[in-house]
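Worksheet: the structure to be examined is printed underneath.
Read-outs throughout are calculated quantities, based only on the coordinates presented, and are distinct from any laboratory measurement. Keep in mind that this is a model prediction, so the values were computed, not measured.
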Amino acid sequence: MGDSSRCGRLRYVNGLAWSPCTQVGTKKLDFAVWLSNTGKKPVTVKIKVAYVQAGTAHDCPGQWGTGVQVEIAPGATMTSPEKVCAEDKLAATAFQAKAWVSAPGEVSWGYREMSQTVHIQADGVTAVWADEA
């Protein structure tokens, strides 16, 4: 997602690597999930993305917040679409992306992972990542 982003730990579902990511823009934060299929067969998964703002979880709007099914081709890497889940920067507020990725037939979402925390400073512009604090 670029230099102004951080992702969480890699997790795996059916051989597919995935991680939630947060990207800091000029006025907004984008929350996404990154996926990579290093296998030789396509992998289909269902994905749900949310974000945490000052300790409170919020579902992303639309199908990415309720659950979308995608197929990742062999050798392909993808990130959920930009601007699908975005929030304005708020002064003195911490944010994280939150995601679930599971096999399509699973009845529950299972394990969730979170991106690294970014702290928007009191000026409402400057972002400091947890690993920089």
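For this structure, a couple of remarks:
- Rg ratio (alpha-carbon, reference 2.2 N^0.38 Å) - segment 66-133: 1.43
- Debye-sum result for segment 18-58 in log10 I(q)/I(0), which assumes one identical scatterer on each alpha carbon, at q = 0.20, 0.26, 0.32 Å⁻¹: -0.75, -0.99, -1.20
- Phi-derived couplings, Karplus 6.51 cos²θ - 1.76 cosθ + 1.60 at θ = phi - 60°, listed residue by residue for segment 28-34: 10, 10, 10, 10, 8, 10, 9 Hz, with x used for Gly and Pro.
- 3J(HN,Hα) from dihedral phi, segment 43-56, Karplus parametrisation 6.51/-1.76/1.60, rounded to Hz, x for glycine, proline: 10, 9, 9, 10, 10, 9, 10, 9, 9, 10, 10, 6, x, 10
- Antiparallel bridges, percent of DSSP beta bridges restricted to segment 12-92 (to nearest 5): 100 percent
- For the chain, modelled as a GNM whose springs connect Cα atoms under 10 angstrom apart, the maximal fluctuation among 26, 66, 38 occurs at 26.
- Comparing mean-square fluctuations of 25, 65, 105 from a GNM of the chain with C-alpha springs under 10 Å, the top value falls on 105.
- Dividing the summed -39500 (n - 2.57) terms of all DSSP H runs of n ≥ 4 by the residue count of the chain sets its mean residue ellipticity at 222 nm at -500 deg cm²/dmol.
- The chain: C-alpha pair distances exceeding 21 Å, %: 37 percent
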